[in-house]
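Enquirer: Handing you this structure, nothing more for now.
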Amino acid sequence: MPLAMSNKTILNKQKLIFIFSFLCVFTTFACAQKVRVPVVHNNMDKKGGKLQIKAGDRIFVERVTNTPLNLNNMRGNPSGTENGILLDFADTTFSGKVFYGLLPYHDSKHPMPIYRRQLGLEKGKVELILAKSFEGRYDMIDWVSKGFGTLGYRVISAEGETLYDGIVGFKKDNSGFDLDATIIEGPFVNLLTDKSATISFETLEKEKTYVEINGQKFEDNKSTTHHEITVSGLEANKEYEYKVFYGSMNQAYTLKTAPTPGSRTSFTFAYASDSRSGNGGGERDIYGANSYIMKKIMALAKMKNISFMQFSGDLINGYLSDRGMMDLQYANWKRAIEPFAHYFPVYVSMGNHEAFVRVFAENERSFGLMVDRFPYETESAEAVFSSHFVLPKNGPESEDGAIYDPEEDKVNFPSYEENVFYYIHDNVAVIVLNSDYWYAPTTQALSVMSGGMHGYLMDQQIAWLEKTMESLEANENVDHIFVTQHTPAFPNGGHTQDDMWYKGNNQMRPFVAGKPVAKGIIERRDEYLDILVNKSKKVIAILTGDEHNYARTELSDKTQIYLPNYLGDKITLSRTIYQINNGAAGAPYYAQEETPWTPMVSGFTTQHALVFFHINGSSVEMEVINPDTLEPVDKLKLR
């Protein structure tokens, strides 16, 4: 498919289909990969080289997406020329334009390119001219005298949508320009402790890099494009400058280590969710991400001097079946947070829009059935998510071994690695859950094709949650626990038909190998609440998103959590906690709906919002600010 055609067709169709939370990419059928069909999909097989699902007399055949709109192509395959850098987007029919300018690393704490020129693409190529165009009064990085520098460039489609913001390093000699070592993502601060941190980044080509901090040098073990360098031997609660060295370049930023566990030092952390593309054009939709609001959120977070941020799902549009397109959307989200995430960690988790799927349809016009992509070890939504972020690896293994696992000693489910975990900062613990695990977006057809369900916490994850909670309750250094997952336990606007509620219908549940699991969504929600409220004294709040609004819901024995005609077992909440929903990070808004617990809801707004938790020993105060206007939205003393 020509790229010029695919830009308009794919982007417009995605926007329409996201209204229904489905993906529909019109492409021809292609041969299925030679992979083992997971036994959990008992009615899926291969016929004529294609994967298919049988549902009675109906047959759904896999629809395979193949598009040049991917991360590798949007990087432009840069190369040097006599007068600058050539970008080749690998499709002669790709039309559009590129803005470009110098990137001043040492002129700002949050370096971003200053775009000065724009050029149209010719047959999918463009030459970014540097000679004369960026010399003299336009050379603010002294590249002429140094012989090297860095460019930032923005790729715009013929329809006017921003597709990618790229970075490329260059060097100059008498024969012309050539590529120089380039950090194309990061550096990011990850896995922060009181004594260490991991600095991660991506380079354009394989490089041997190192980080200097506190008079010590920490090197890569080998030449690679993906770099995770752990720096250690640091003092608690202290700010350090760190420098990342690559080729002839270096970048310098600061990080602050966590306090000694249990020292009860005052600090602040931030929370938000749902930053997939918004409406309004411009940077509100940089292919898959609302970069406009994310930059505002990150700038406000840095101004508030936060120690870390938790961002819980729907980073991107997702619902894709092409890996290159997923990679492009994740890259765009990371670019939005990058200028500020040099300084503090951003812990992220999965939502439903992180879905990476196989699509099965009866014909080209039907939406079809969608399941989490397999093989799970390399192609699941969980595996793709993990490949893009550096997160704790202390969660459960997978749902393998659960009572509904149809095979022993075989991988039948995706891994929980780096999508379910917990972390501790001083006297605060944050438990991160995945309520869109093994997600099959066509929920109403689960009995046909099997899969995980939006909002459902499966057996092994809920068992890990209970065990982890017991450990944290016994940890004398931890005073406050926050639990976060993408889906609200109590939706208030936009998702009352699903999340952990499904309008009170306990019949809704995942299917494995064509069979329903034992417990329905309300039963599982109640188990979850029992662990957080009745079996814990430290949990303060549930942090959720999915609904594109801000609201706080008081959860206590006075909160009505069932429909009047609910016949199942019921629980009573023994104390008060809050559900803080903040899905107001840029995705299109949802208004409030009526629910049994509506009387306990306050502060509801469709404004953009960033939640701050101010921790001061035994005291916890919440402050909510609109990052777009800087207006106060809400305030509450939680403890």
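The values are calculated or read from the model by the stated rules, or taken from the named source; none is laboratory data. Fair warning: this is a prediction, and the values are worked out from it, not measured in the lab. Cβ: placed from backbone, ideal geometry, glycine included. Neighbour counts: every protein chain shown. Note: accessible area is taken over every heavy atom of the protein model, side chains too, but ligands, DNA and RNA are not part of it. Shrake-Rupley method; radii C 1.70, N 1.55, O 1.52, S 1.80 Å.
Enquirer: Of the residues that make up the stretch 193-213, is at least one assigned to a loop (DSSP other than H, G, I, E, B), within 28 Å of Leu179 (Cβ to Cβ) and open to solvent by 50 Å² or more (accessible area, probe 1.4 Å)?
Expert: The answer is yes; a qualifying residue exists.
Enquirer: For the stretch 243-278, give me the residue count where each residue is part of a strand (DSSP E or B) and closer than 30 Å to Asp142 by Cβ.
Expert: 11
Enquirer: Of the residues that sit in the stretch 403-425 and are hydrophobic (A, V, I, L, M, F, W, C) and closer than 20 Å to Ala383 by Cβ, which one is farthest from the chain's Cα centre (by Cα)?
Expert: Val411
Enquirer: Which condition breaks for Ile229 when tested against (1) open to solvent by 30 Å² or more (accessible area, probe 1.4 Å); (2) assigned to a strand (DSSP E or B)?
Expert: (1)
Enquirer: If you don't mind, another one. Can you name every one of the strands (runs of 3 or more DSSP E) wholly within the stretch 345-423 that holds 1 or more residues which are under 30 Å from Thr260 (Cβ atoms) and in contact with a Phe, Trp or Tyr (Cβ under 8 Å, 6 or more places away or on another chain)?
Expert: Output list reads 346-349.
Enquirer: Which one of these does Val428 not meet: (1) open to solvent by 10 Å² or more (accessible area, probe 1.4 Å); (2) in contact with a His (Cβ under 8 Å, 6 or more places away or on another chain)?
Expert: Condition (1) is where Val428 drops out.
Enquirer: Would you point out which residue out of Val35, Val40, Val25 is at pLDDT 90 or above, of a type in the set (A, V, I, L, M, F, W, C) and open to solvent by less than 70 Å² (accessible area, probe 1.4 Å)?
Expert: Just a single option satisfies the conditions, and that option is Val40.
Enquirer: Filter the stretch 43-81 down to the residues that are surrounded by fewer than 15 Cβ atoms within 10 Å (Cβ to Cβ) and of a type in the set (Asp, Glu), then identify the one that is nearest to Pro510 (Cα to Cα).
Expert: It comes out as Asp45.
Enquirer: Quick one: in the stretch 239-252, of everything that is loosely packed, with under 13 Cβ neighbours inside 10 Å and modelled with pLDDT of 95 or more, which residue is farthest from Lys146 (Cα to Cα)?
Expert: Looking at residues that are loosely packed, with under 13 Cβ neighbours inside 10 Å and modelled with pLDDT of 95 or more, I get Glu239.
Enquirer: Continuing with this model, one more query. Taking Phe311, is it within 22 Å of Phe482 (Cβ to Cβ), under 11 Å from the mean Cα position of the chain (by Cα), of a type outside the set (Ser, Thr, Tyr) and buried (at least 21 other Cβ atoms within 10 Å of the Cβ)?
Expert: Yes, satisfied.
Enquirer: May I pose another question? Do we have Asp142 as in contact with a strand residue (DSSP E or B) (Cβ under 9 Å, 6 or more places away or on another chain), buried (at least 19 other Cβ atoms within 10 Å of the Cβ) and not aromatic (Phe, Trp, Tyr) here?
Expert: no
Enquirer: Suppose we filter the stretch 534-560 for residues that are open to solvent by less than 10 Å² (accessible area, probe 1.4 Å) and over 30 Å from the mean Cα position of the chain (by Cα); how many remain?
Expert: The total comes to 1.
Enquirer: So in the stretch 118-131, with the set limited to residues that are part of a loop (DSSP other than H, G, I, E, B) and touching a residue at least 40 places away in the same chain (Cβ under 8 Å), which one is farthest from Gly166 (Cα to Cα)?
Expert: For the stretch 118-131, the residue satisfying everything is Ala131.
Enquirer: Checking Asp634 against (1) in contact with a strand residue (DSSP E or B) (Cβ under 6 Å, 6 or more places away or on another chain); (2) within 20 Å of Tyr502 (Cα to Cα); (3) among the charged types (D, E, K, R): exactly one of these is not met. Which one?
Expert: So Asp634 meets the others, but not (2).
Enquirer: Still on this structure: If you go through the stretch 551-602 one residue at a time, how many are hydroxyl-bearing (Ser, Thr, Tyr) and touching a strand residue (DSSP E or B) at 6+ places or on another chain (Cβ under 7 Å)?
Expert: Within the stretch 551-602, residues that are hydroxyl-bearing (Ser, Thr, Tyr) and touching a strand residue (DSSP E or B) at 6+ places or on another chain (Cβ under 7 Å) number 4.
Enquirer: What are the pairs, 6+ residues apart or on separate chains, where a residue within the stretch 597-615 that is in contact (Cβ under 8 Å) with a residue 40 or more places away in the chain has its Cβ under 7 Å from a residue that is open to solvent by 50 Å² or more (accessible area, probe 1.4 Å) and of a type in the set (S, T, N, Q)?
Expert: From residues that are in contact (Cβ under 8 Å) with a residue 40 or more places away in the chain, the pairs are Trp597/Gln560; Phe604/Gln592; Ile615/Ser266.
Enquirer: Would you check if there is a residue in the stretch 562-572 being of a type in the set (Ser, Thr, Tyr) and under 23 Å from Val432 (Cβ atoms)?
Expert: No, every residue in the stretch 562-572 fails to be of a type in the set (Ser, Thr, Tyr) and under 23 Å from Val432 (Cβ atoms).
Enquirer: Can you tell me which residue among Leu446, Leu465, Leu472 is hydrophobic (A, V, I, L, M, F, W, C), out of contact with any Lys or Arg (no Cβ under 9 Å at 6 or more places or on another chain) and part of a helix (DSSP H, G or I)?
Expert: Of Leu446, Leu465, Leu472, the one residue that is hydrophobic (A, V, I, L, M, F, W, C), out of contact with any Lys or Arg (no Cβ under 9 Å at 6 or more places or on another chain) and part of a helix (DSSP H, G or I) is Leu465.
Enquirer: Would you be able to tell me the number of residues in the stretch 175-192 that are among the acidic types (Asp, Glu) and surrounded by 18 or more Cβ atoms within 10 Å (Cβ to Cβ)?
Expert: 2
Enquirer: Another one. Only one of these conditions is not met by Leu87: (1) within 33 Å of the chain's Cα centre (by Cα); (2) under 30 Å from Asp372 (Cβ atoms). Which number is it?
Expert: (2)
Enquirer: Tell me whether the stretch 431-438 contains one or more residues that are among the acidic types (Asp, Glu), open to solvent by less than 10 Å² (accessible area, probe 1.4 Å) and part of a loop (DSSP other than H, G, I, E, B).
Expert: yes
Enquirer: Give me the pairs, please: first residue somewhere in the stretch 486-503 and within 14 Å of Gln579 (Cα to Cα), second residue anywhere and modelled with pLDDT of 95 or more and in a helix (DSSP H, G or I), beta-carbon distance under 6 Å, and either six or more positions apart or on two chains.
Expert: Close Cβ pairs satisfying both conditions: Ala489/Arg525; Met500/Arg525.
Enquirer: Right, Asn506: under 26 Å from Tyr566 (Cα atoms), among the polar types (S, T, N, Q) and buried (at least 24 other Cβ atoms within 10 Å of the Cβ) or not?
Expert: no
Enquirer: In addition: Which condition number in (1) part of a helix (DSSP H, G or I); (2) under 24 Å from Ile431 (Cβ atoms) is the one that Ile316 fails?
Expert: (1)
Enquirer: If the requirement is being touching a strand residue (DSSP E or B) at 6+ places or on another chain (Cβ under 7 Å), open to solvent by 40 Å² or more (accessible area, probe 1.4 Å) and either assigned to a loop (DSSP other than H, G, I, E, B) or at pLDDT below 90 (or both), which of these qualifies: Tyr105, Tyr115?
Expert: None of the other options fit; the residue is Tyr115.
Enquirer: Looking at the stretch 588-616 only, could you name the residues that are of a type in the set (Gly, Ala, Ser) and open to solvent by less than 10 Å² (accessible area, probe 1.4 Å)?
Expert: Answer for the stretch 588-616, where residues must be of a type in the set (Gly, Ala, Ser) and open to solvent by less than 10 Å² (accessible area, probe 1.4 Å): just Ala609.
A quick yes/no check of all residues on (1) free of Cβ contacts under 8 Å to residues at least 60 places away in the same chain; (2) within 30 Å of Asn66 (Cβ to Cβ):
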| site | (1), (2) |
| --- | --- |
| His353 | no, yes |
| Ser366 | yes, yes |
| Val371 | no, yes |
| Tyr376 | no, yes |
| Phe385 | yes, yes |
| Val430 | no, no |
| Thr443 | no, yes |
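Enquirer: Show the residue pairs that are 6+ apart or on different chains and have beta-carbon atoms under 8 Å apart, the first residue being within the stretch 524-538 and closer than 18 Å to His454 by Cβ, the second being in a helix (DSSP H, G or I) and at pLDDT 95 or above.
Expert: Matching pairs, first to second residue: Arg524/Ile462; Glu527/Ile462; Tyr528/Ile462; Tyr528/Leu465.
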